[in-house]
1. Only residues that are over 11 Å from the mean Cα position of the chain (by Cα) and touching a residue at least 60 places away in the same chain (Cβ under 8 Å): list them for segment 57-75, please.
2. In segment 29-43, what count of residues is obtained for those that are surrounded by 16 or more Cβ atoms within 10 Å (Cβ to Cβ) and either of a type in the set (V, I, T) or without any contact (Cβ under 8 Å) to a residue 24 or more places away in the chain (or both)?
3. Taking L73, is it within 16 Å of L112 (Cα to Cα), surrounded by fewer than 18 Cβ atoms within 10 Å (Cβ to Cβ) and out of contact with any Lys or Arg (no Cβ under 6 Å at 6 or more places or on another chain)?
4. Given the residues F108, F161, F117, which is the only one that is of a type in the set (F, W, Y) and under 26 Å from P17 (Cβ atoms)?
5. Mind telling me which of the residues F117, F108, F161 ends up being farther than 20 Å from S25 by Cβ, surrounded by fewer than 17 Cβ atoms within 10 Å (Cβ to Cβ) and hydrophobic (A, V, I, L, M, F, W, C)?
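Any read-out appearing in this document is the output of simple, stated calculations on the displayed coordinates, not a laboratory observation. Computed from a prediction, not measured in an experiment: that's the story for all the values here. Counting neighbours? That spans all protein chains shown, and the Cβs are built from the backbone with ideal geometry, glycine included.
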Amino acid sequence: MTSSTIHAPEQEFGSIPMDKLMQFSGLEVLQQMLNGEVPGPTIARTMNFTITEVGSGTAAFRGEALADHYNPLGTVHGGWAATIIDSALGCAVQTKLPKGIGFTTIEFKVNLVRPIFDHTGEVICEGNVIHMGRTIATCEATLKTKDGKLLAHGTATCAIFPIKQPD
């Protein structure tokens, strides 16, 4: 099996302007991303993954590691798995945020339980909020093959805060 690009050719990447972010809840922003109304993050293009589903407290991604993501030992670098997991963790939290509220990851941990190769094929990463407080959220995510074999899992703690209007 050869690795392929996950993204649709017409998908745009970039940053969402802060004034636009301030107008919508976190879930609404991610739904706009799914619909192609706002750009996807450039890291998703670099790492060959994409967001596929969001709901209240949940976010799912699919991706496919490429030979470009290998470490010197001939497997996909653990940072690739950590990046897709971090994305699912953060987006799960983002789905719970009202308009004008932001978050940042303050800590995350990833357990790599199986090696990933470019021939592993498409993988699915699902993130879920465990606890959503006023100032702190915690979440968990799994990274699995399409047939359900666990590759990695992780947890995160996120700080929740009001977004300040840009000057």
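1. G57, E64, A65, L66, A67, listed by residue number.
2. The total comes to 4.
3. yes
4. Residue meeting the stated conditions: F161.
5. Values: F108 fails: surrounded by fewer than 17 Cβ atoms within 10 Å (Cβ to Cβ); F161 fails: farther than 20 Å from S25 by Cβ.
Answer to the check: F117.
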